[in-house]
Structure formats: C-alpha cells, structure tokens
There are 2 protein chains.
Amino acid sequence: MPVTIEDVARLAEVSTATVSRVLNNHDLVSNEARQRVLDAILKLDYKVNLSARRLRTNQTGTIAVVIPTIADSVINQMIEAIEDAAIEEGYTLLMCSTRGDTEREKGYTRLLTQQRMVDGLLYISPRAAPEEVSKLAQGGLPLVLCNYRLEQTKTPCILFDHVSTAYQTTHYLLSLGHRRIALLNLDAPYYYPARMRQEGFEKAFADFRLRPDPTLIREVHRATHVNFDWRDVIHALLDLEVPPTAIVAFNDEVALQVYAVCRERGLNIPADLSVTGCDDILSSRYVDPPLTTVHIPARDEGRLAMEFLLKQIRHERLSYGATLVLDVELMVRESCAAPSS
Amino acid sequence: MPVTIEDVARLAEVSTATVSRVLNNHDLVSNEARQRVLDAILKLDYKVNLSARRLRTNQTGTIAVVIPTIADSVINQMIEAIEDAAIEEGYTLLMCSTRGDTEREKGYTRLLTQQRMVDGLLYISPRAAPEEVSKLAQGGLPLVLCNYRLEQTKTPCILFDHVSTAYQTTHYLLSLGHRRIALLNLDAPYYYPARMRQEGFEKAFADFRLRPDPTLIREVHRATHVNFDWRDVIHALLDLEVPPTAIVAFNDEVALQVYAVCRERGLNIPADLSVTGCDDILSSRYVDPPLTTVHIPARDEGRLAMEFLLKQIRHERLSYGATLVLDVELMVRESCAAPSS
DNA sequence: TGTTATACTGTAATCGTTTACATTAAAACA
DNA sequence: TGTTTTAATGTAAACGATTACAGTATAACA
C-alpha cells in the first residue's frame, strides 16, 4: 500500500540509488534524471520511511529535552522556541520533565544515553551533581546545557545572566535606600542559578560597601517544584525582630506568594515592604501593584540552545565560544519604594 | 560497537528468533532458553534498536499531540500526564503547538496524517472547522479529541464539562443577587468550549427564569492566544450606561485582566464588581482578593486521553463510550459578593 | 587511434529486527 | 513398536532506505 522508493524509481525509470541521491541532495545526478525523479515523487506523493532511513544511517531523528517542569513560563518559552526549531529541521522532540526530582532526572539522562534513543540532548536547568553532569558531557552524545555552567569542557553552555538578575534588583533596592534586604533563594543543592543569584545579591551590596545580613538569606532546599509553598518561610522572615524592608524573590511566582503573605498580614506593598521578582511572567504585570522584576530572553535561550545542538550533531564548528551568557533587563514597576524609615 | 540481537543470541546459544520471542513475550519459549537469553541481555546490556523494530513492524513509536499553546496551566497539566503515560509505554511524544493559528493547526494535522510519522494523534482543543476535524477522524489514524465533541463518530472525545463551568459560576453569582452579569467568552469561531460556556451561562439564567442581556456577552474573536489583551473589551463593558455588577471570565488569565482594569479604574473587587474565572491556576489563589473559579481535572483528562489513544492503537475495545465528560468543581473564594445597590 | 579522465548510473550489500515456515525432538497415542 | 501430535527452536526472507563499488558512456587528451 504505502509507496516506497522502488515505486518512485520504477516510475522515473532510474534505480533506487538515483532516487536516494536526489532525496539527499547529492550532486552526482543529471538534471534530467533529477527532474524525472522529482516528478515521480510528486505524482506518487512519496514520503520517505523514516524508520528505514534511521536504521540505515544510524540516526534517530529525535532530540531529547530534559526540563525540570513544564509549568513554568520561562521553560515554556524556551520549549516553544526549541520545538519550532526541531520541527523545522525535521526532528522529533522527546520531552522529559523531571518535576524537580533528581532521581527522576538521573533516570532520564541514563535512559537517554544508554539506549541510543536520541541524536542529541538538551539539558535544561540541571539539578544533578556536577560530577554527574560532567560524566554525561563526556559520554559522546551531543549535549547542550542550559542555565548551567560546566567549566573546563567543550560542552556548550547557554544561560542568561543569573548573577545580573539578583544584582540589578538588589542594586535598585539599595539605591532606593533599603538596607535590610532579604533574599528568597533556591538551593537544590547544585542548582547553578541559585548560587549565581546569591553572588549577584552580594555583589550589589559590595558596590555600596555593605554586606548583606546572612540571617536574611533564606535558601529553601527542595523548593524546585513550582507548586512549593513558600509562605511559612516568608512569614518567618517578617516575624523577625527587625524584619526586612525589601525582599528579592527568586522568581515571580515566589514574589506573588510574598504578595499573598502581605495580604494575610495586612501589609502594604510597596509602602511597608518592597518586593522584586524575576522572569517577567504575564501576571507580574497584572498584580497589584505591578511587580518590579527582571525580563529574561527565554525564547532566545531556547533557540540558541537548539542551534548549538544541531551544529554539534552535524559536526559543524560553533561560531560562539563554549559558553554564552545572555543579558537580562530590569523592569521597574510599582512594587518597590523607599523604606518607610 | 553497539550490541545487537545477534550478539545476545550467540552468548545465549540460541537463534535470533528465540531472542526476539523473549523480547516480545511470546510464550513459545522454554523457561530454560528464556533464562539464558535474559541473562545474556543483562550481561551485554543489550537494548533493542528501535529503528529496526519500527521498520519491521511498521510502527513509528511516536505519538503526536497538537496543542493550542504550551503556555497555559491546563494544557501544561494535561501534557504532563500525557508525557508520563507516553514514556511509560515506550512512546516518543511529538509536540506541535499551533499558537492559536488555525493555518498552522491545519498544517500540522496534514503533515502528521500524510506522512505516516506517528502511530496516533492527540488533538487538544481543536479550533479547526468541524468538517476538517471530521475528515481527520475518518483518516484511519488513531485519534483522540480533547475539549471537543464530534457527534456521530467512533472517535473518542474527552472533555471536562464546559457547560458546567459557566453554569456553576453564573448560578453562584445569580444566587448572590446579581442580575447584570457579563460573559467574557472566546469565539474561535469553531471553538467548542466557548459555545458550551455560553450554553451554561444561559442555562443558569433559565434556572432563575431569567434571560441574560445579550449586550453583556462579549465574544472575542481571535483571542486564542494566551497573551491577548482583553482590557479594551473590559473597559467597554464597564463604560456601559448600566455596567455589569459581575463578570464571568472565560478563564483565570482573563479574570486577572479584569483585576488589572479594576485597579486602573479604582474599582474594588468584590464590593464594586464580582469576578469569576475558570481553570484554578496557581496565582488565582494568591491574587487579591483570591479568585472564585472552577477547578478542572486537567491531569485526569490527559491521562484518560492517552489511555484511549493507546487502546485504539492496540485495537483494544474501549471500556467507556466514545465521549467522556469529566466533572468540574466550583472553588468559592473572595472575588464575589452581593451587588452593592 | 588508444588511453584516461569525467560524469552519471546501477547493482547489491547492509542496517537490526520480526516472523512465516521448516525442522527437530519429545510426548502421546494406537 | 510405529505413527501422530505437540512444543521448542532454527532458517532465512522480509521491512525500505543508503552507499560502497562497479560499470558505462562520453569527453578530453596524447
């Protein structure tokens, strides 16, 4: 029933080899033969059998993307960009979301590398131990790391500037006059962005010749899942004898939970407490007051990651270095004000 | 380099046929031989070559899921459930998001059916014309429709109760005393849930022996994209000579935009205006005031859809009818109150 | 003219499975 | 005992593409 390369060859009065050569854009085909083949393909509505091609060429035509969750605006945007590129290039995308579970993450990466199920792997926001990631990078499978940095390696890493996110928000709050600034951070425990956020946070203080109060830095272990409830942590912070006058939240979702806690306690944002987020999710614009946050180029990150991966698969040289850091932009809205005194 | 079925056969001292029979759980293998094969597989860490299997069995091992967008909490949850099931069953998931573009949607479905790239298709929230969907259903490719209903067909449809969502919120508002209730609805133009919402809206009014004011029903064409800006529509509604006292929004994202408009106009929710949403997204709990909305069983919907599809692919009989409607639950929070006058 | 280079095309092996059919050995029966 | 049935296994032909290699025809050259 299905039309094969042989049917095309027969109709075009050439061998299957010639048809295959046309299919794969080899140049050793006369224009006349090529035209006959093309006509036959069109006439028969021929479509290559991908399984056969893959068996023969030993490629899978599949790219895996390991993500911590799908329910996250930044990941979403990255995925959309990745998906676009994948389909455009004829690849199938195998999505594996780990739900912030490192065991599950390990399981996926093992599965994907052991069985040669995929031609390449896009590993987004790894939470695994550096040695694990490092081992993976040496496995020979084309790999691109996102939101992660692996030193001393040829593995391309692509990430936005995690240091800068916390640096910019913290610097902004400091310049408004805040000194008791809290940081709501993740710690997963190898989660690269979390460490960078802290670095940016401290760097901003250093600019003012200050040091942050360590008791105001809260790292929540295992808060990788989007649905994590931060409210106890936030309450604890506000219950301090000298509570913070501003909070730098890890991302917008966390910042919105700060909003919820303030509502519970009857605190006014920004009069009583300034809040900043990160990611610039849609609702950050609609909440009351609109949230000051950091816009990150998620789509670009996804697109570039895919570009890197395809180049590796095709053994093309990368035109960028092994690590690419993308700029971020502070979005000043109305959730911050000078401290009340 | 890679270990093949022949290596296993050699080590187990059987033929490749026997190994294959063990692999596929055929029962015509002696326990003794089976054990030897199993041992060899373990020892060699053998993994089947999926391309070869697919070529031989004429299956692709891939399931496509066509979705309107990935940046939507309900779709997200469905996808997660679908993905879990797919990986568990050894299928690869090909995600195609149409971004609410019907042309793109048509392109995907055509691509997926013409080339036999996939074993089955999960079609979520179709916006295409019924004839298109109908034609697809007759194409022979195993298909499950989500958030859609195709009458007179064997194609399984699975959806939550779209009528009930609007019915419950509207009924609740009516029982609080509201009479001028607006409906912010989609119209895409074949978007099944939108029509059902209107039906539920009117049904609730009918329960009170009332009829809704047609001028308060706003159907926004082409508002399929999540990032659509509804604020002009909402302002227009509130600019009416006799503005509504309550708004039933199509979903929580739209409801949050109502919040934003109220903020702009200095209106208080729920004192000046009651608002309801749909989907029960995370931030609906954190906004001020917490949003009264409808919880829908998105994960169940995804899981069941996948179950249906796999049964079709395996030619198993469905234990349910062709259409499955899932119940929804009203979540009463604080965004609604009796009308002020 | 013969030789060699060039351009194109075809033949057939190959990728790693599955499976129809053939074969064998053992068990069951007459 | 010989014959038939049954259970277990093996042989080898597919599946549909790609590609190394061989072959042919023409052009270019000596």
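The values are calculated or read from the model by the stated rules, or taken from the named source; none is laboratory data. Computed from a prediction, not measured in an experiment: that's the story for all the values here. So basically every Cβ, Gly included, is an ideal-geometry build from the backbone, and we count neighbours across all protein chains shown. Protein only, heavy atoms only, side chains kept; ligands, DNA and RNA dropped before computing areas. Shrake-Rupley method; radii C 1.70, N 1.55, O 1.52, S 1.80 Å.
Taking amide H as placed 1.01 Å from N in the peptide plane, the amide H of B:V294 sits under 5 Å from that of B:G277, B:C278, B:D279, B:D280, B:M331, each at least 5 places away or on another chain. Starting from a label point 7 Å past Cα on the Cβ side, list the distances from B:L111 to the same position in the other copies, nm, shortest first. Here the equivalent label points are 2.5 nm apart from this one.
When accessible surface is computed with a 1.4 Å probe, chains A and B are found to bury approximately 4300 Å² between them, both chains counted. Between identical copies, the spacing of A:F228 label points, each set 7 Å from Cα toward the C-beta atom, reads 3.5 nm from nearest to farthest. Placing R0 at 35 angstrom, the Cβ-Cβ distance between A:N268 and B:D101 gives a FRET efficiency of 0.25 after rounding to 0.05. Considering only A:S30, A:S175, A:F205, and ranking their Cα positions along the charge dipole of the protein assembly as shown that arises from unit charges at the beta-carbon of Lys, Arg, Asp and Glu, the one farthest toward the positive end is A:S30.
Subtracting the Cα-Cα distance of A:Q138 and A:L44 from 0.36 nm times their residue separation leaves 29.3 nm of extension gain. Residue-wise HN-Hα couplings along the stretch B:297-309, as the Karplus relation 6.51 cos²θ - 1.76 cosθ + 1.60 with θ = phi - 60° gives them from phi, are x, 5, 4, 4, 4, x, 4, 5, 4, 5, 4, 4, 5 Hz; Gly and Pro carry x. Averaged over the residues of B:187-198, the number of partner chain Cβ atoms lying within 10 Å of the residue Cβ comes to 0.
For the stretch B:143-156, backbone phi angles converted through the Karplus equation (6.51, -1.76, 1.60; θ = phi - 60°) give residue-by-residue couplings of 9, 10, 9, 10, 6, 7, 9, 10, 6, 6, 7, 8, 5, x Hz, Gly and Pro being listed as x.
A dipole drawn for the protein assembly as shown from +1 and -1 charges on Cβ atoms has a positive end, and of B:P68, B:H315, A:A236 the residue lying farthest that way is B:H315.
Dipole check for chain B: with +1 at the C-beta of Lys and Arg, -1 at the C-beta of Asp and Glu, and the Cα centre as origin, the magnitude is about 860 Debye. What's log10 of I(q)/I(0) for the stretch B:5-48 at q = 0.26 Å⁻¹, Debye sum over Cα points only, no solvent? Debye curve over Cα of the stretch B:5-48, log10 I(q)/I(0) at q = 0.26 Å⁻¹: -0.83. Note that the protein assembly as shown presents 45 Å² accessible area per residue, ligands and nucleic acids not counted, probe 1.4 Å.
Under 5 Å from the amide H of A:T62 lie the amide H atoms of A:T92, A:D119, each residue being 5 or more positions distant or on a separate chain, with H modelled from the backbone and absent for Pro and chain starts. The stretch A:151-214 and the stretch A:83-107 have Cα centres separated by 28 Å. In a simple Cβ point-charge model (Lys, Arg +1; Asp, Glu -1; nothing else charged), the stretch B:134-190 has a dipole of about 60 debye relative to its Cα centre. Between B:D84 and B:E13, take the C-beta separation as r, use R0 = 45 Å, and let me know the FRET efficiency to the nearest 0.05. For B:D84 and B:E13, the calculated efficiency is 0.70.
Note on A:47-59: average number of Cβ atoms from other chains within 10 Å of each residue's Cβ is 5. Computed from the C-beta positions of B:L326 and A:L28, the FRET efficiency with R₀ = 41 Å rounds to 0.10. The Stokes-Einstein estimate for chain A, based on a Kirkwood radius over Cα pairs and taken at 4 °C with 1.567 mPa s viscosity, is a diffusion coefficient of 57 µm²/s. 3J(HN,Hα) couplings calculated from phi for the stretch A:21-32 with the Karplus curve 6.51 cos²θ - 1.76 cosθ + 1.60 (θ = phi - 60°) are, in sequence order, 5, 5, 4, 9, 6, 6, 8, 7, 10, 5, 4, 5 Hz; Gly and Pro show x. B:L240 sits among other residues whose Cβ lies under 10 Å from its own Cβ, and their net charge, with Lys and Arg +1 and Asp and Glu -1, is -2.
Amide H contacts of A:Y148: A:I158, each under 5 Å away and 5 or more positions distant or on a separate chain (H built 1.01 Å from N in the peptide plane; Pro and chain starts excluded). Taking every Cα-Cα distance in the stretch A:123-206 and sorting them into 5 Å bins from zero, the calculated P(r) comes out as 3, 15, 22, 19, 14, 11, 8, 5, 2, 1, 0 percent. Counting only the Cα atoms, the stretch B:31-147 fills a convex hull of 135 Å³ per residue. Considering only A:Y190, A:V3, A:I269, the residue lying farthest towards the positive end of the dipole of chain A is A:V3, judged by Cα position with unit charges set on Cβ. Surface composition of chain B: carbon plus sulfur atoms contribute 48% of the solvent-accessible area (1.4 Å probe, protein chains only, all chains present). Stokes-Einstein D for the stretch B:162-296 at 20 °C, 1.002 mPa s, Kirkwood Rh over Cα pairs, in µm²/s? It diffuses with D of about 147 µm²/s by this estimate. Sorted shortest first, the distances from the B:Q59 label point to those of the same residue in the other copies are 2.6 nm; each point sits 7 Å from Cα along Cα-to-Cβ.
Charged neighbours of B:N268, selected by a Cβ distance under 15 Å, balance to -2 (K, R count +1; D, E count -1). Listed peptides B:7-13, A:136-142, B:166-172 appear in the order B:166-172, B:7-13, A:136-142 once ranked by packing, highest mean of other Cβ atoms within 10 Å at the front. Taking Lys and Arg as +1 and Asp and Glu as -1, the other residues whose beta-carbon sits under 15 Å from that of B:L150 total +2.
Note on the stretch A:63-144: with charges restricted to the Cβ of Lys and Arg (+1) and Asp and Glu (-1), its dipole about the Cα centre is near 420 debye. Taken residue by residue and averaged, Cβ atoms of other chains lying within 10 Å of the Cβ of B:82-93 number 3. Our summary of shape: the Cα atoms of the protein assembly as shown have principal axis extents of 81, 69, 59 Å, ordered from largest down, in whole angstrom.
Expressed as a fraction of 2.2 N^0.38 Å, the value expected for a compact globular protein of N residues, the C-alpha radius of gyration of the stretch A:272-320 is 1.81.
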